[in-house]
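Q: Here's a structure for you.
The values are calculated or read from the model by the stated rules, or taken from the named source; none is laboratory data. Note that this is a predicted model, so its numbers are computed, not measured. Cβ placement follows ideal geometry from the backbone for every residue including glycine, while neighbour counts extend to all protein chains displayed.
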Amino acid sequence: MIQVVVTGIGFVSCLGNNLQDSWKQLIAGKSGIKLHQPFPQLAPRPLGMIGYEPADVKKITWQVVASALQDAGLSEPLEDCGVVIGSSRGFQGVWEQMAQGIQSQEEWMNHLPHMNAIASARQIGSTGIVLAPMAACATGIWSLFQAFSLINSGQCEYAIAGAVEAPITPLTITGFQQMGALAKTGAYPFDQHREGLVLGEGGAVFVLESKTAAIRRGANIYGEILGFGLTADAHHPNSPEPSGKSAESAIKQCLQRSQISFSDIDAIHAHGTGTVLNDQFESLLIQKLFPESVPIISTKGATGHTIGASGALSVAFSLMALKQQILPSCVGLKEPEFSLNFVRENLETRINQMMCFSFGFGGQNAVVTLGKA
């Protein structure tokens, strides 16, 4: 069994242009969510935007991939490096503009869903395996799993993996609004007065490699990826399966593959979308399976919900928590509705293993366990 570690992280969110700045803002209890009106035909609403205009998914991806390689101390070309870059929305904003005649349709092939991953392979000079997963909100953790498998099976010594999202488009905003899923004033995961999700832009990309290779080249190690659990509800397009059996199965699979137990988990990064259904479902799941004392963090109150990239962002923040041995407070949480051990103030504590949850539309459940370096 090859041990897989993270040696580089590229990150951007409405909190900052890199992981260090975003982490600093998160620890300070800040939120990057502000009232925006990016489209004149739509009313202003809270959004987690990186700039004043909707982000370009190509530019986000280029930035986080370059940052991850620099952080890992690697340089191009990396011919045998696996590339796994996922996105739930992909180039949707561009397609909407093409449909309206705002953007030329001549280069439509460059905006197919998998082309972002292909562009990343060209960026680093990789002629190896390229994958482009799309699994709604579970995309980020799915991407890590696929890269983990490439290294664990010996197919690749290195892989870059993660997810990026630029979901601030008229169709995305209108679609979530029609569902009644969008918040009107802000993101308040697990709060009694939560209103729904707040769309956010961002991305996180990781350099994964075998622990042996990382030690051999003296790389900085953020943490180890211990195991995954991946299941599907086969129930409903946008509502979780009421019994939670598939999500529960994903958690148990993850622990079994990580060779640890429920009591070994020192903290959980919850999916925490701020919607009525998700937060209730997730809280009941945690209460059923884990000790009452396990600390719970949620960061979407600070970044917004970056949809397919959300799992990748949560993993990045969790790795920082493991490295610095501090859990950030749940931004936006004022009056918890559920009896869980939510982190209300930054908590310095012993953290050896953390678990991250992602629950996507279509009943896609993704769970990962991370270990301290």
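Q: If you check Ile351 against the conditions, is it touching a residue at least 24 places away in the same chain (Cβ under 8 Å), part of a loop (DSSP other than H, G, I, E, B) and hydrophobic (A, V, I, L, M, F, W, C)? Break it down into steps so the answer makes sense when it comes.
A: Values: touching a residue at least 24 places away in the same chain (Cβ under 8 Å): yes; part of a loop (DSSP other than H, G, I, E, B): yes; hydrophobic (A, V, I, L, M, F, W, C): yes.
When the stated conditions are applied, Ile351 passes them.
Q: A follow-up question, please. Specify the residue that is surrounded by the most Cβ atoms within 10 Å (Cβ to Cβ); the eligible residues are those in the stretch 58-89 that are in contact (Cβ under 8 Å) with a residue 24 or more places away in the chain and among the hydroxyl-bearing types (Ser, Thr, Tyr). Don't jump to the end; show me each part of the working.
A: If we filter the stretch 58-89 for residues that are in contact (Cβ under 8 Å) with a residue 24 or more places away in the chain, which is where we start, we get 58, 60-74, 76-89.
Adding the requirement that they be among the hydroxyl-bearing types (Ser, Thr, Tyr) leaves 61, 67, 87-88.
Working: Thr61: 25, Ser67: 20, Ser87: 30, Ser88: 26.
Selected residue: Ser87.
Q: Something else about it: Can you tell me how many residues in the stretch 146-170 are within 22 Å of the chain's Cα centre (by Cα), surrounded by fewer than 23 Cβ atoms within 10 Å (Cβ to Cβ) and over 22 Å from Gly73 (Cα atoms)?
A: 3
Q: Could you list, in sequence order, the residues of the stretch 117-145 that are over 17 Å from the mean Cα position of the chain (by Cα) and not aliphatic (A, V, I, L, M)?
A: Ser120, Arg122, Gln123, Gly125, Ser126, Thr127, Gly128
Q: Let me ask you something else. Output the residue which, of all residues in the stretch 139-195 that are of a type in the set (Val, Ile, Thr) and touching an Asp or Glu at 6+ places or on another chain (Cβ under 7 Å), is farthest from His271 (Cα to Cα). Lay out the reasoning, then the answer.
A: The first filter runs over the stretch 139-195 and keeps only residues of a type in the set (Val, Ile, Thr), leaving 139, 141, 151, 160, 164, 168-169, 172-174, 185.
In the following step, the residues that additionally are touching an Asp or Glu at 6+ places or on another chain (Cβ under 7 Å) were identified as 151, 168-169, 185.
Values: Ile151: 26, Ile168: 20, Thr169: 23, Thr185: 20 Å.
Only one residue tops the list, namely Ile151.
Q: Can you work out which of the residues in the stretch 222-267 that are part of a loop (DSSP other than H, G, I, E, B) and polar (S, T, N, Q) is surrounded by the fewest Cβ atoms within 10 Å (Cβ to Cβ)?
A: Quick first cut of the stretch 222-267, residues part of a loop (DSSP other than H, G, I, E, B) only: 222, 233-244, 259-261, 265-266.
Subsequent filtering for residues that are polar (S, T, N, Q) retains 238-239, 243, 259, 261.
On the way: Asn238: 13, Ser239: 13, Ser243: 11, Gln259: 11, Ser261: 9.
For the stretch 222-267, the residue satisfying everything is Ser261.
Q: In addition: Under 6 Å between Cβ atoms, which residue pairs at least 6 apart in sequence (or on different chains) link something in the stretch 169-185 that is touching a residue at least 12 places away in the same chain (Cβ under 8 Å) with a partner that is surrounded by 16 or more Cβ atoms within 10 Å (Cβ to Cβ) and assigned to a helix (DSSP H, G or I)?
A: Thr169/Gln92; Thr169/Gly93; Leu182/Phe176
Q: Among the residues of the stretch 40-57, count how many are surrounded by 14 or more Cβ atoms within 10 Å (Cβ to Cβ) and part of a loop (DSSP other than H, G, I, E, B). Break it down into steps so the answer makes sense when it comes.
A: Of all residues in the stretch 40-57, those surrounded by 14 or more Cβ atoms within 10 Å (Cβ to Cβ) come to 45-50, 54-57.
Subsequent filtering for residues that are part of a loop (DSSP other than H, G, I, E, B) retains 49-50, 54-56.
Residues meeting the conditions: 5.
Yes or no, residue by residue, for (1) among the basic types (Lys, Arg); (2) buried (at least 21 other Cβ atoms within 10 Å of the Cβ); (3) in contact (Cβ under 8 Å) with a residue 12 or more places away in the chain:
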residue: Phe91; (1), (2), (3): no, yes, yes
residue: Gly101; (1), (2), (3): no, no, no
residue: Ala119; (1), (2), (3): no, no, yes
residue: Ile129; (1), (2), (3): no, no, yes
residue: Ala135; (1), (2), (3): no, yes, yes
residue: Trp142; (1), (2), (3): no, yes, yes
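Q: Here's something else I'd like to know. Going residue by residue through the stretch 298-309, is there one that turns out to be in the same structural domain as Ser243 (by TED's automatic domain parsing), part of a strand (DSSP E or B) and in contact with a strand residue (DSSP E or B) (Cβ under 9 Å, 6 or more places away or on another chain)? Please lay out each step first, then the result.
A: We begin by selecting, within the stretch 298-309, every residue in the same structural domain as Ser243 (by TED's automatic domain parsing); these are 298-309.
With the extra rule that they be part of a strand (DSSP E or B), the set shrinks to 305.
Narrowing the set further to residues that are in contact with a strand residue (DSSP E or B) (Cβ under 9 Å, 6 or more places away or on another chain) leaves 305.
Yes: one or more hits.
Q: Can you find, within the stretch 159-181, the residue that is nearest to Glu195 (Cα to Cα) among those that are assigned to a strand (DSSP E or B) and out of contact with any Cys (no Cβ under 9 Å at 6 or more places or on another chain)? Don't jump to the end; show me each part of the working.
A: Taking the stretch 159-181 as the starting set, the residues that turn out to be assigned to a strand (DSSP E or B) are 159-165.
With out of contact with any Cys (no Cβ under 9 Å at 6 or more places or on another chain) added as a condition, the list becomes 161-165.
Values: Ala161: 32, Gly162: 29, Ala163: 26, Val164: 25, Glu165: 22 Å.
This residue is Glu165.
Q: How many residues, within the stretch 69-107, are farther than 12 Å from Tyr158 by Cα, among the hydrophobic types (A, V, I, L, M, F, W, C) and assigned to a helix (DSSP H, G or I)?
A: Of the residues in that region, 4 qualify.
Q: Whether any residue in the stretch 201-217 is part of a loop (DSSP other than H, G, I, E, B), at negative phi and touching a helix residue (DSSP H, G or I) at 6+ places or on another chain (Cβ under 8 Å) is what I want to check. Break it down into steps so the answer makes sense when it comes.
A: Quick first cut of the stretch 201-217, residues part of a loop (DSSP other than H, G, I, E, B) only: 201, 217.
From what's left, at negative phi: 201, 217.
Filter again for touching a helix residue (DSSP H, G or I) at 6+ places or on another chain (Cβ under 8 Å), leaving 201.
Yes, some residue in the stretch 201-217 is part of a loop (DSSP other than H, G, I, E, B), at negative phi and touching a helix residue (DSSP H, G or I) at 6+ places or on another chain (Cβ under 8 Å).
Q: A further question on this structure: Given the criteria in contact (Cβ under 8 Å) with a residue 40 or more places away in the chain and outside the structural domain of Glu209 (by TED's automatic domain parsing), does Ser261 qualify? Outline the logic, then answer.
A: Details: in contact (Cβ under 8 Å) with a residue 40 or more places away in the chain: no; outside the structural domain of Glu209 (by TED's automatic domain parsing): yes.
In short, no.
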